[in-house]
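Accompanying notes for the structure given below.
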Amino acid sequence: MDNEKIAKVLGQLADLLEFTGANAFRLRAYRNGARKIKELPESISSLVDQKSDLVKLDGIGKSVAEKCIELCETGKLKQMDELLEEIPSTVLDLLNVPKMGPKKAAAVFHELGVENLEQLKAACEAGEVSQLSGFGKKTEQAILDGIAIAVAANERILWSAADKIVTKLRSHMQNCTAVGGLEFAGSYRRGKETVGDLDMLATSTDATAVMDHFAEFEDITSTIVRGDTKMSVRLDDEFQVDLRVVPEESFGAALQYFTGSKEHNVQVRSKAKQLGLKINEWGVYKIDGETEQWVAGTTEADVYKTLSLPCFEPELRESRQEFDWAELDQLPDLITVEDMRGDLHMHTTASDGRASIREMADAARQRGLEYIAITDHSKRVTMANGLDGQRLLAQWKEIDAINAAAEDDFVILKGVECDILENGDMDIEDDVLQHADWVIASVHYGQNQPRQQITDRIVGAIANPNITMVAHPTGRLLNKREAYELDLNAVFQAAVEHGKLLELNANPIRLDLKDTYLAAAKRNGIPIVINTDSHRPAGFADMRFGIKQARRAGLTKSDVANTKKVNQLLKLIGKA
Ligand code: DGT
Ligand code: CA
Ligand code: CA
Ligand code: ZN
């Protein structure tokens, strides 16, 4: 059992205990322990195997250590099973509703008997929730609005989470000698921000052996169906994986078919028809009167070529503009991680980051970047120990010194992530901001303001000559929080008018701007900046999530400002 899984079970245990009114101290211990375990470099299960004393680990107390040992040795927790006899596991879904929190969830469960999202919705609609103490009409409406998000969170997982499963499954399947080719198709391959299920394809002459091997994958909790060449299972009682085993000569056709999207495939089939061909998951066939002759299917490239189409990058297969582009021979040359030269949004220990300026700079160097901007939070974000003008000026002095002492051409830009306050003012005075190289404007408070008010705040920030870019412009958190009410066209217009940049935040839970908005920003000629918003050196690895989203929007290297050399970037923002 890996650390992530252990952390997840501990978190669930704390959530379930919350419904029993267990003492808050105990809950906090489990939750803190879960957080620590997730970040721990050592594997808990190997420590348990070696009989190491877990309590010696920072942040792990006696009760957490005992649970870890039980989990690693038996694969489950007795206490959890007992709790699940009293409390239906569907109550945990209630916690996915934004604004709900464990206390409120426990209240609707105990006082109204609400056990799942459907019942919660009904109780809100009947006005029962607003009658409870601590709830009002407004909360009830907020909960009702949030139910859709919780339902979606139950059905789709983040691309980054799917990617972890893929990595693990890939290595499991590659241990099977009967497997030839192996690929994960569907929305995962298209890089969609959330994934409903995984569609795994394998080539083999022995489907039985492949399915038998798949069935041994450790996270499988049930088999939904098993046929001669296909099989569907559930992992951890929730996430579905479909496996299809195909002969080698059909691999390309199957990969094309199961990568989708459905809408893209509708157009592919109509193209085939025009050419007197037929296409399905086994191949492309030439129809000659009564007979059908197989003409392609081994590789995806062959399949598309036979249809006189380019082998579209999977991220473009959404039936948006790809066929028009192909017609005009104008398919975009999509951006890659290797195109990135800088990262312009990150935090250090001065605010809520975990590493120093130097450590972040060294990690960026090691990843082959040429420059970064240090952009700690401004003072309004008290929770993150945000910086005031004086601390910022001191930090920038320190950055000047580090740059001066550097033995290479790596550049650290002096920046800040400056809050746009609820009243529209910037959190840091202009006579401080004017000394920065790179000023990010962000909304972190007042996210529920009416559309016009939030729009005015962001447009106002864009008009401020000292700001360079707006971070995570719509504020959404995937499966957790809707975007703000925002007139994005007004934001785009302001960015064009003032020559400002917009962010694609690469954090896999944000991916903000999202693909369709990025495409619209590109049509407006607005330069995009792809940033990791790292809070630790390992955060730089998130860049690939942003790149996937950018590719889905058809962005090329030239659409993204931090693919430029630092001098060109500074020229673009009027600082050189
Ligand atoms: P998801 O799983 O909801 O994130 O989205 P997809 O796109 O992975 O959808 P899924 O898993 O239902 O099917 C995978 C691909 O297989 C889909 O993108 C296209 C193809 N496919 C599945 N069912 C059909 C169908 O009924 N007709 C056609 N033309 N293609 C299908
Ligand atoms: Ca799928
Ligand atoms: Ca599927
Ligand atoms: Zn940030």
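The values are calculated or read from the model by the stated rules, or taken from the named source; none is laboratory data. All figures in this text were calculated on a predicted structure; none of them were measured in a lab. Counting neighbours? That spans all protein chains shown, and the Cβs are built from the backbone with ideal geometry, glycine included. These accessible areas exclude ligands, DNA and RNA; they are computed on the full protein's heavy atoms, side chains included. Shrake-Rupley method; radii C 1.70, N 1.55, O 1.52, S 1.80 Å.
Key figures for this structure:
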| read-out | value |
| --- | --- |
| Pick from segment 227-249, criterion within 28 Å of T74 (Cα to Cα) and more than 15 Å from ligand 3 (Cβ to nearest atom), ranking: surrounded by the most Cβ atoms within 10 Å (Cβ to Cβ) | D236 |
| Odd one out for Q119 among (1) over 23 Å from T20 (Cβ atoms); (2) open to solvent by 40 Å² or more (accessible area, probe 1.4 Å) | (1) |
| Any hit, segment 167-179, residues being open to solvent by 30 Å² or more (accessible area, probe 1.4 Å) and either within 12 Å of ligand 1 (Cβ to nearest atom) or closer than 30 Å to K121 by Cα (or both) | no |
| Residue match in segment 255-273 (condition: assigned to a loop (DSSP other than H, G, I, E, B), over 23 Å from D197 (Cβ atoms), away from ligand 1 (no atom under 13 Å from the Cβ) and open to solvent by 10 Å² or more (accessible area, probe 1.4 Å)) | no |
| Inter-residue pairs, beta-carbon under 6 Å, first surrounded by fewer than 23 Cβ atoms within 10 Å (Cβ to Cβ) and in segment 190-207, second charged (D, E, K, R) and at pLDDT below 95, 6+ apart | T194/R156; G196/R156 |
| Members of segment 158-202 found to be among the β-branched types (V, I, T) and touching a Phe, Trp or Tyr at 6+ places or on another chain (Cβ under 6 Å), listed by number | V166, V195 |
| Within segment 314-338, tally of residues that are crowded, with 18+ Cβ neighbours inside 10 Å, among the acidic types (D, E) and either more than 19 Å from R551 (Cα to Cα) or in contact (Cβ under 8 Å) with a residue 60 or more places away in the chain (or both) | 2 |
| Which listed residue is farther than 16 Å from G368 by Cβ and outside the structural domain of E315 (by TED's automatic domain parsing), from I547, I528 | I528 |
| Residue satisfying all of: in segment 450-490; more than 16 Å from ligand 1 (Cβ to nearest atom) and in contact (Cβ under 8 Å) with a residue 60 or more places away in the chain; nearest to R510 (Cα to Cα) among these | H472 |
| Odd one out for K168, checked against (1) closer than 28 Å to I509 by Cβ; (2) part of a loop (DSSP other than H, G, I, E, B); (3) touching a residue at least 40 places away in the same chain (Cβ under 8 Å) | (2) |
| Residue match in segment 194-216 (condition: of a type in the set (V, I, T), modelled with pLDDT under 95, assigned to a strand (DSSP E or B) and away from ligand 4 (no atom under 16 Å from the Cβ)) | no |
| Subset of segment 284-297 (residues that are touching a Ser or Thr at 6+ places or on another chain (Cβ under 8 Å) and part of a loop (DSSP other than H, G, I, E, B)) | G297 |
| Residue tally, condition charged (D, E, K, R), crowded, with 17+ Cβ neighbours inside 10 Å and over 24 Å from the mean Cα position of the chain (by Cα), over segment 3-40 | 1 |
| Segments classed as helices (runs of 4 or more DSSP H), wholly inside segment 375-480, with at least 1 members that are within 28 Å of the chain's Cα centre (by Cα) and in the same structural domain as E497 (by TED's automatic domain parsing) | 451-463 |
